[in-house]
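Below: one structure, written as structure tokens.
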Amino acid sequence: MLVVVRAWILLSALLVGAGWILSAFHELNRIGYGIIFALAASALFFCRGKVPWPSREGFRRAFHKFPRRFKRPAPFLFLVAAGLALIGGVLYVPTDGDSISYRIPRVLHWLGQERWHWIRTLDFRMDNAAPGFEWLSSPLILFTRTDRFLFLINWISFLMLPGLSFSVFTRLQVRPRVAWWWAWLISAGGCCFALQADTTQNDSFACIYALAAVDLALRAKENKSLNDLWLSLLAAALLTDAKQTDIPLAMLWLIAAWPSLLLLGRRPLATAVVLATGLLVSVLPVTIFNIRHVGTWTGIPADQILLGSVRLDSPFWGVLGNAFCLTAQNLKPPLFPWAEEWNAMMGNFLNTPFGAHFLSFERFGKMNFYVGSQTAGIGLGICVLILLSICWTHGKKRMGASVAIVKSDATLWLLRMMPWVLLLIFMAKVGAFENARQLAPYYVFFFPSLLVHSGHMELVWRIWWQRLGCLVVFVTVMLLIAAPYRPLFPAQTILGWLHDKRPDSKLVTSFLFLYSYRADVENSRIYFRKDLPPGSYEVGVADLNSYVEIGLWLPLGQRHVEGILVGDTPEQLRARGLRYVVVGDSFLKIKKETIGQWMSLQGGELTDQSTHQGRFGTAPGHIYLVHLNPSAFPLSPVKN
């Protein structure tokens with residue numbers, strides 16, 4: 001497992017660093033990546049004697065151990081979850097909201113100009129968000145000319161999660177048997193990990209970097225290994241570049257690595273190279289660009305009102321509000337049919353004097369109808385299981401059962417306690433909607449302080465507890481099968497039949513709407529494709545969260561897509577040589593114009609229009625394809 005983790009860290013650092021370097025030379029293309037891969041292969045060849053490759057005997061033993069390792073229920077259920085996630089990822093293109101709104105489109109923009117650049121867009125997340133996941137995605141899209149395989153980033157990370165969790169737990173003085181059980185249960189039963197394994201969400205995959213950073217730093221302390229310390233530094237740097245909300249977790253690496261930092265002086269030149277690489281693959285580059293273009297390290301303008309940018313009014317009210325929101329989100333049952341009534345109650349609460357303190361949150365306390373990859377925290381099952389386990393072990397303690405005391409170690413104690421401090425920092429600063437999923441890289445680190453009690457060693461041998469843990473995982477596996485965005489059963493056929501039988505059933509109607517959303521998003525990729533002539537030319541997009549944009553780019557090399565801002569004039573559109581523009585009603589709402597008024601001003605004619613379903617609980621949206629008058633807008637050559 002450790003060899004795979006080390007290889008993943010090196011590969012991630014290579015791809016993130018390559019993205020920035022190739023962008024500097026305007027060579028973010030197949031030739032550029034080919035040169036980078038050739039240099040990396042050459043370096044690996046010359047260093048083959050120093051790399052601890054697994055022996056043939058090691059491969060043989062691992063092959064024979066594999067069936068035995070997954071004979072037990074918990075590992076077997078994890079294997080089932082991994083297999084189902086692989087099937088779901090292969091069958092479906094990405095339909096996750098953030099991915100198709102800005103993360104995949106930003107990669108397509110970079111590849112279109114063969115470099116990272118500040119994108120003209122209404123969605124500021126295309127520019128200011130940490131690009132770690134996107135840099136891993138770029139070569140996959142570039143060489144396959146599709147985004148279908150991007151889920152592999154999350155899926156591979158998911159496979160490494162149990163082994164790394166077990167290693168960190170045991171190094172933080174959790175008993176091996178307890179660590180073994182909880183590593184499997186958290187990985188396969190934690191909704192945010194299992195439900196994101198076949199998606200392109202960028203929350204849970206960063207957990208691997210966080211765990212590897214701590215694990216390798218502690219190994220460096222034990223073995224006096226400079227190589228492990230270097231790798232832990234790279235893992236911590238990659239962690240910060242996954243998502244800005246993950247930056248506080250770098251403190252755990254600093255605590256774990258602190259006793260070993262003097263090792264860096266052994267080879268100062270090589271250490272300087274590793275430090276420079278770490279800065280390159282960290283959040284630092286995008287932070288510099290955010291400050292340069294916007295003036296803030298987050299990249300969110302002070303007057304930004306689009307997309308509901310979240311700035312909490314007070315850290316105190318942020319902690320208090322998140323104490324409610326995160327608890328509610330993690331304890332929400334898999335299906336929450338009372339979401340409409342709950343949300344109405346939250347709306348009324350915000351109108352009270354006390355509730356007004358939480359108006360700075362993005363949709364404070366609101367809930368969705370179901371638990372999915374975009375909404376899931378660690379999950380109700382794991383929360384109930386850990387609470388039950390804590391109550392049982394403390395009950396044993398009060399009854400006079402003997403309690404073994406772990407050996408005192410200040411570093412390990414601090415590593416067990418610090419995640420709770422980081423949780424307070426997260427709660428004081430983050431007020432985004434459904435932020436339980438953004439907390440995904442933090443969850444694993446909360447458990448060592450809860451599991452270090454020796455009473456858990458007795459509990460995990462209890463048959464009733466083992467069955468309950470496997471039941472938690474089984475429910476999560478069922479959620480993976482029934483995921484609305486990637487159902488592994490004929491959902492629309494069954495729900496359509498039920499709707500015909502029970503047309504008045506509110507529950508059946510809600511499910512049918514929920515499962516038809518995926519098909520609507522997939523269809524958005526081919527909206528207007530028949531209306532667009534072949535050839536390479538510019539197409540404009542004037543919409544917020546446009547699900548159409550990916551379809552306009554793919555397959556790569558056919559068209560170039562440009563964003564249209566609210567203040568763009570007809571002269572600016574003319575200078576950019578746009579032939580067609582996709583206009584959404586969200587853009588028209590901001591402009592306070594109808595499509596007819598906009599076309600009249602721009603000198604265009606309506607070619608086609610379509611309606612998209614929108615998210616659950618929201619009104620349908622409209623998009624229009626407008627052909628700009630060639631005589632009024634002379635074409636200019638496309639810049640490659």
Only residues that are aliphatic (A, V, I, L, M) and under 30 Å from Arg437 (Cα atoms): list them for region 246-269, please.
-> Ile247, Leu249, Ala250, Met251, Leu252, Leu254, Ile255, Ala256, Ala257
Elements of type helices (runs of 4 or more DSSP H) in region 496-576, at least 1 residues being among the hydroxyl-bearing types (Ser, Thr, Tyr) = 506-524
Residues in region 14-34 that are closer than 17 Å to Leu280 by Cβ and either exposed (fewer than 13 other Cβ atoms within 10 Å of the Cβ) or touching an Asp or Glu at 6+ places or on another chain (Cβ under 9 Å) (or both): how many?
-> 11
Is it true that some residue in region 427-448 is assigned to a helix (DSSP H, G or I), without any contact (Cβ under 8 Å) to a residue 60 or more places away in the chain and over 27 Å from the mean Cα position of the chain (by Cα)?
-> no
Yes or no: Ala276 at pLDDT 95 or above and either assigned by TED's automatic domain parsing to the domain that holds Tyr443 or in contact with a Lys or Arg (Cβ under 8 Å, 6 or more places away or on another chain) (or both)?
-> no
Matching option when the condition is assigned to a helix (DSSP H, G or I), hydroxyl-bearing (Ser, Thr, Tyr) and within 12 Å of the chain's Cα centre (by Cα), among Thr199, Thr245 | Thr245
Every residue from region 568-600 that is loosely packed, with under 15 Cβ neighbours inside 10 Å and farther than 26 Å from Pro620 by Cα | Thr569, Pro570, Glu571, Gln572, Ala575
Looking for whichever is surrounded by 17 or more Cβ atoms within 10 Å (Cβ to Cβ), under 26 Å from Cys325 (Cα atoms) and assigned by TED's automatic domain parsing to the domain that holds Leu335 here; the options are Leu422, Leu459, Leu450. Which one fits?
-> Leu422
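In region 352-388, how many are more than 30 Å from His453 (Cα to Cα) and either in a loop (DSSP other than H, G, I, E, B) or more than 20 Å from the chain's Cα centre (by Cα) (or both)?
Summing the residues that are more than 30 Å from His453 (Cα to Cα) and either in a loop (DSSP other than H, G, I, E, B) or more than 20 Å from the chain's Cα centre (by Cα) (or both) in region 352-388 gives 23.
Residues are listed down the side, and each one gets a yes or a no for (1) assigned to a helix (DSSP H, G or I); (2) crowded, with 23+ Cβ neighbours inside 10 Å:
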{"position": "Lys71", "(1), (2)": "no, no"}
{"position": "Phe76", "(1), (2)": "yes, no"}
{"position": "Ala81", "(1), (2)": "yes, yes"}
{"position": "Leu86", "(1), (2)": "yes, no"}
{"position": "Pro105", "(1), (2)": "yes, yes"}
{"position": "Trp116", "(1), (2)": "no, yes"}
{"position": "Arg148", "(1), (2)": "no, no"}
{"position": "Met160", "(1), (2)": "yes, no"}
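The values are calculated or read from the model by the stated rules, or taken from the named source; none is laboratory data. If you're wondering where the values come from, they're calculated on a predicted model, not measured in any experiment. Using ideal geometry, Cβ is built from the backbone for each residue, glycine included, and neighbour counts are taken over all protein chains shown.
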